[in-house]
Amino acid sequence: MRVGILAPEFVPVWGGVGSHILDLVSHLPDDVEVCVITVRRRIPGTSEYMDKKEIMNEVGRDIDLVELATAKETFLYNAKFQISCLKKVPSLVKEKNIDVLHSHFPHMPDLLLKYTNFNHPSLTTVHTTIAGQVEATRSSTLSFFELEHSERMTLLLSP
C-alpha cells in the first residue's frame with residue numbers, strides 16, 4: 001500500500017501537527033510506502049533549509065518527499081500550499097501510485113480539492129478547531145507580542 005500524506009507542517013517541525021505527522025510517518029509499518037507532500041521550510045530561527053538527506057535522517061525511514069511550495073512564515077504560507085495542492089495533487093496521486101491520501105486539519109491542504117472532481121480515497125485528521133486554537137493561545141501566559149506570528153494572526157482574525 002502507498003499512502004500520500006498532505007503535510008502542511010513536517011520537518012523541521014514547527015508545531016503539534018508537524019510533530020504528529022513526523023511520529024505517524026516514522027511508525028507506519030515497513031510494508032506501507034509513504035509519500036509526504038509538504039512545503040519546504042526554513043529551520044526555525046535561521047535562514048537555512050534542511051536538505052532531503054537531513055529530513056530522511058529525522059524521519060528514520062525512506063520516504064518519497066515532494067515539496068510543493070516554500071514556507072517563509074507560519075500563517076500565510078497555507079494559501080500558497082492550498083493552491084499548489086489544487087494544481088498538483090491530482091496528478092501526483094496518479095504519478096506516485098498513491099492508494100490513500102491522508103490530509104491534516106487545521107491547515108486543510110485538501111480544502112480546494114473538494115471543489116474539483118478529485119475522487120480518490122482520502123481521510124482527514126482533525127487536530128483542533130479554530131476555537132480550540134484561540135482558547136489555547138489565550139490561556140498561555142505569553143503577551144500578544146511574545147506569541148508566534150500565526151498565533152497572533154489567529155487571535156486577530158478569529159470571530
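With the requirement that a residue be among the basic types (Lys, Arg), under 30 Å from Met1 (Cβ atoms) and open to solvent by 80 Å² or more (accessible area, probe 1.4 Å), what does segment 44-79 give you? Show your work before the answer.
Here is the first cut: in segment 44-79, the ones among the basic types (Lys, Arg) are 52-53, 61, 72.
From what's left, under 30 Å from Met1 (Cβ atoms): 52-53, 61.
Of everything in segment 44-79, those that are among the basic types (Lys, Arg), under 30 Å from Met1 (Cβ atoms) and open to solvent by 80 Å² or more (accessible area, probe 1.4 Å) turn out to be Lys52, Lys53.
Could you tell me which of the residues Thr128, Thr154, Thr124 is under 28 Å from Val93 (Cβ atoms), open to solvent by less than 60 Å² (accessible area, probe 1.4 Å) and modelled with pLDDT under 85? Full working, then the answer.
On the way: Thr154 fails: under 28 Å from Val93 (Cβ atoms); Thr124 fails: open to solvent by less than 60 Å² (accessible area, probe 1.4 Å).
Just one listed residue meets the conditions, Thr128.
Out of contact with any Lys or Arg (no Cβ under 7 Å at 6 or more places or on another chain) and closer than 25 Å to Leu123 by Cβ: which single residue out of Asp23, Asp51 fits that description? Please lay out each step first, then the result.
On the way: Asp51 fails: closer than 25 Å to Leu123 by Cβ.
When all the criteria are applied, what remains is Asp23.
Check whether at least one residue in segment 104-111 is open to solvent by less than 50 Å² (accessible area, probe 1.4 Å), at pLDDT 85 or above and not in a helix (DSSP H, G or I), and report yes or no.
So the first thing to find is which residues in segment 104-111 are open to solvent by less than 50 Å² (accessible area, probe 1.4 Å), and the list is 104-107, 109-110.
Imposing the further condition that a residue be at pLDDT 85 or above reduces the set to none.
There is no residue in segment 104-111 that is open to solvent by less than 50 Å² (accessible area, probe 1.4 Å), at pLDDT 85 or above and not in a helix (DSSP H, G or I).
Hey, can you tell me all the residues within segment 31-88 that are touching a strand residue (DSSP E or B) at 6+ places or on another chain (Cβ under 7 Å), β-branched (Val, Ile, Thr) and closer than 20 Å to Leu101 by Cβ?
Val32, Val34, Val36, Ile37, Thr38, Val39, Ile63, Val66
Within segment 6-28, take every residue that is under 16 Å from Ala69 (Cβ atoms) and more than 8 Å from the chain's Cα centre (by Cα) and give me the one that is most open to solvent (accessible area, probe 1.4 Å). Don't jump to the end; show me each part of the working.
Filtering segment 6-28 for residues under 16 Å from Ala69 (Cβ atoms) gives 6-12, 14, 18.
Narrowing the set further to residues that are more than 8 Å from the chain's Cα centre (by Cα) leaves 11-12, 14.
Details: Val11: 9, Pro12: 13, Trp14: 75 Å².
Selected residue: Trp14.
State all residues of segment 29-43 that are of a type in the set (A, V, I, L, M, F, W, C) and surrounded by 16 or more Cβ atoms within 10 Å (Cβ to Cβ); if no residue qualifies, say none.
Our first condition is that a residue be of a type in the set (A, V, I, L, M, F, W, C); within segment 29-43, this holds for 32, 34-37, 39, 43.
Within segment 29-43, Val34, Cys35, Val36, Ile37, Val39 qualify.
The values are calculated or read from the model by the stated rules, or taken from the named source; none is laboratory data. Just so it is clear, the model here is predicted, and its values are computed rather than measured. Methodologically, a virtual Cβ is constructed for each residue, glycine included, from the backbone with ideal geometry; neighbour enumeration extends over all protein chains shown. What goes into the accessible areas is simple: the full protein's heavy atoms, side chains included, and nothing from ligands, DNA or RNA. Shrake-Rupley method; radii C 1.70, N 1.55, O 1.52, S 1.80 Å.
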